[in-house]
1. Let me check something: with ligands and nucleic acids excluded, how do LYS72, LYS45 order by accessible area (1.4 Å probe), largest to smallest?
2. Return a whole-number percent for the relative contact order of the chain, with Cα pairs under 8 Å and 6 or more residues apart as the contact set.
3. Testing the spin-label approximation: label points 7 Å from Cα along Cα→Cβ at ARG10 and ARG124. State their distance in nm.
4. May I ask you to give the percent of accessible area on the chain that is carbon plus sulfur, with a probe radius of 1.4 Å?
5. With all protein chains present, calculate the accessible area of LEU99 using a 1.4 Å probe and round the result to the nearest 10 Å².
6. Starting from the Cα-Cα distance between HIS71 and ALA26, subtract it from 0.36 nm times their residue separation and give me the gain in nm to one decimal.
Amino acid sequence: MSDKSERLQRWLARAGAAPSRRKAEAWIVDGRVTVNGEVAQLGSKVPPGAEVRLDDTPITRAGRATVLMLHKPAGVLSSVGDDRGRRTVMDLVPAVPGLHPVGRLDLDSEGLLLLTDDGELTQRLTHPRYQ
């Protein structure tokens, strides 16, 4: 029998409730997250079907990851945001919590770019360990 539970901070990030696992960890440490009515601790796991709440608001998790293919035009940044106000690939796709580009293309380059909300997929596609 396999354990299908998942670390809470990862669960929150994948649900789109937290912009990152680090932010989710901060919420957990601050006592803002409950799992099945119990205040969560760092290292808590979420079993299938558990009720997770942030500031007493229920958090639901979509069952599947989003993966988009985009033909990035020249002059658009392969980034989630830009502090100089330039156009990014996020301006070209629907708003999906946690969506981010997988890899990068230069500002003046154009071509296929994947975007996903699945951190595991991003890791498998970009980390040198996976060649």
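1. Working: LYS72 0, LYS45 105 Å².
If we order LYS72, LYS45 from most to least accessible, we get LYS45, LYS72.
2. Once normalised by length, the contact order is 21 percent.
3. 1.3
4. Details: 4170 of 8570 Å².
Roughly 49 percent, rounded to a whole number.
5. So the heavy atoms of LEU99 present about 10 Å² to solvent.
6. Working: separation 45, 0.36 × 45 = 16.20 nm, distance 3.61 nm.
In short, 12.6 nm is gained.
The values are calculated or read from the model by the stated rules, or taken from the named source; none is laboratory data. Bear in mind the structure is a predicted one, so any value in this text is a computation, not a measurement. Methodologically, a virtual Cβ is constructed for each residue, glycine included, from the backbone with ideal geometry; neighbour enumeration extends over all protein chains shown. Just so you know, the surface numbers come from the protein's heavy atoms only, side chains and all, with ligands and any DNA or RNA stripped out. Shrake-Rupley method; radii C 1.70, N 1.55, O 1.52, S 1.80 Å.
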